[in-house]
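Report on the following structure.
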Amino acid sequence: MYRAVVFDFDGTIIDTEQHLFQIINNHLTGNGLDPISVDYYRQSIGGAATELHNYLEAQLGLEKKSAIYQEHNETSVNLPINKEVEALMKYCKQRHIPMAIATSSYRKDIEPTFKRLGLEQYMDIIVGREDVDEVKPNPELYLTAVQQLNYNPVNCLAIEDSVNGATAAINAGLDVIINTNRMTELQPFQTLNFTAKDVTANEIIEHYFEQRGSK
């Protein structure tokens, strides 16, 4: 049985990716500019999104770009939790399996949503952008999370939704289950050595926690 679980936040616990994509295009079209494509947006998911940030700042200016992310952070609190993820969290809590979040977002930006969803009852640790030198696909977020959990990476399971996030977890030495959403389902996962993809909480529990001989 795995001894700890580390969750991505954006796109995994809640579907912030579709939400942000819509807000970005609302601001672009509202300023008389062309919307970005889904394919272009997909490239930014799970990491620092430097190219996307630079593009928006060049098109809109710093103040209007900042307004996009302010609106996103303020309205994300209304998004529902992923029910499969919630079921897995409840199972882990019942079995006293420690959990953490490893996110490329700033902790301060996700805290309102974190608190509204009541995630403090599940999570022992949150590692965010302000806690590391480099975010995903660099493995530092996951290495920091498992270090704070005081477990070896090979005994930890990561739950991710994106190529950048899964790459970070794999390179940190964790096994990874990828559960995609509409914005990440077409990303090129085929090159990654993941453990499972698009599975339910019950399948995760049955195959990776209840079977004898599992980590």
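Identify which of the listed values of Cα extents along the principal axes in Å was calculated from the structure shown: (1) 59, 36, 31; (2) 44, 35, 33; (3) 56, 42, 30. Evaluating Cα extents along the principal axes in Å on these atoms matches (1). Proximity of backbone amide H atoms, modeled 1.01 Å from N, is registered between Ile126 and Ile101 at under 5 Å, excluding neighbours fewer than 5 places apart on the same chain.
At a 1.4 Å probe radius, carbon and sulfur cover how many percent of the accessible area of the chain? On the chain, the fraction of accessible area on carbon and sulfur atoms equals 45 percent.
Only lysine pairs 8 or more places apart or on separate chains count here, and in the chain those with Cα atoms under 29 Å apart total 28. Calculated accessible area for the chain comes out at 48 Å² per residue, all protein chains present (probe 1.4 Å; ligands, DNA, RNA ignored). Label-to-label distance, Ile205 versus Leu186, with points set 7 angstrom from Cα along the beta-carbon direction: 3.5 nm.
Per residue, the convex hull spanned by the Cα atoms of the range 80-131 amounts to 74 cubic angstrom.
The value of relative contact order for the chain, using C-alpha pairs under 8 Å at least six residues apart, is 28 percent. The simple spin-label model puts a point 7 Å past each Cα toward its Cβ; for Asp39 and Tyr106 those points are separated by 3.3 nm. Take the alpha carbon atoms of the range 1-76, find their center, do the same for the range 111-171, and report the distance between the two centers in whole angstrom. Cα centroid of the range 1-76 versus Cα centroid of the range 111-171: 19 Å apart. Taking the chain as a Gaussian network of alpha-carbon nodes connected by springs under 10 Å, the highest mean-square fluctuation of the residues Ile204, Ile45, Ile110 belongs to Ile204.
Calculated mean residue ellipticity at 222 nm for the chain: -12500 deg cm²/dmol, from DSSP H runs with n ≥ 4 weighted as -39500 (n - 2.57), summed, divided by the residue count and rounded to 500. Whole-Hz Karplus values for the range 198-210 come out as 6, 10, 7, 4, 4, 5, 4, 4, 5, 8, 10, 10, 8 Hz, taken residue by residue from phi with 6.51 cos²θ - 1.76 cosθ + 1.60 and θ = phi - 60°; glycine and proline positions read x. In this calculation the C-beta distance from Glu74 to Glu134 is compared with R0 = 22 Å, giving a FRET efficiency of 0.20.
When the Gaussian network model of the chain links Cα atoms closer than 10 Å, the mean-square fluctuations of Gly165, Gly32, Gly46 top out at Gly32.
What is the calculated FRET efficiency for Gln94 to Asp198, with r their C-beta to C-beta distance and R₀ = 35 Å, to the nearest 0.05? My answer for the efficiency is 0.90. Across the range 117-127, computed HN-Hα scalar couplings (Karplus, 6.51 cos²θ - 1.76 cosθ + 1.60, θ = phi - 60°) run 7, x, 6, 5, 6, 10, 8, 8, 8, 10, 10 Hz from first to last residue, x flagging Gly and Pro.
Under the classification rounded if a/c is under 1.5, otherwise prolate if a/b is larger than b/c and oblate if not, where does the range 161-215 fall, given a ≥ b ≥ c as square roots of the Cα gyration tensor eigenvalues? In terms of gyration-tensor shape, oblate.
Sparsely packed loop sites in the range 67-171 (the trypsin sites (Lys or Arg not before Pro) outside DSSP H, G, I, E and B with at most 13 other Cβ atoms within 10 Å) comprise Arg95.
Relative to the Cα centre, the charge distribution of the range 52-137, modelled as +1 at Lys and Arg Cβ and -1 at Asp and Glu Cβ, gives a dipole magnitude of about 380 debye. Couplings 3J(HN,Hα) of the range 178-193, computed from phi: 9, 10, 7, 10, 4, 7, 10, 4, 9, 5, x, 7, 5, 8, 9, 8 Hz, in residue order, whole Hz [Karplus 6.51 cos²θ - 1.76 cosθ + 1.60, θ = phi - 60°; x for Gly and Pro]. With a simple spin-label model that places each label point 7 Å from the Cα along the Cα-to-Cβ direction, the separation between Glu63 and Gln148 comes to 3.6 nm.
The values are calculated or read from the model by the stated rules, or taken from the named source; none is laboratory data. Note that the structure is predicted; figures quoted are calculated from it, not measured. So basically every Cβ, Gly included, is an ideal-geometry build from the backbone, and we count neighbours across all protein chains shown. The protein model used for the area step is the full one, side chains on, heavy atoms only, and it has no ligands, DNA or RNA in it. Shrake-Rupley method; radii C 1.70, N 1.55, O 1.52, S 1.80 Å.
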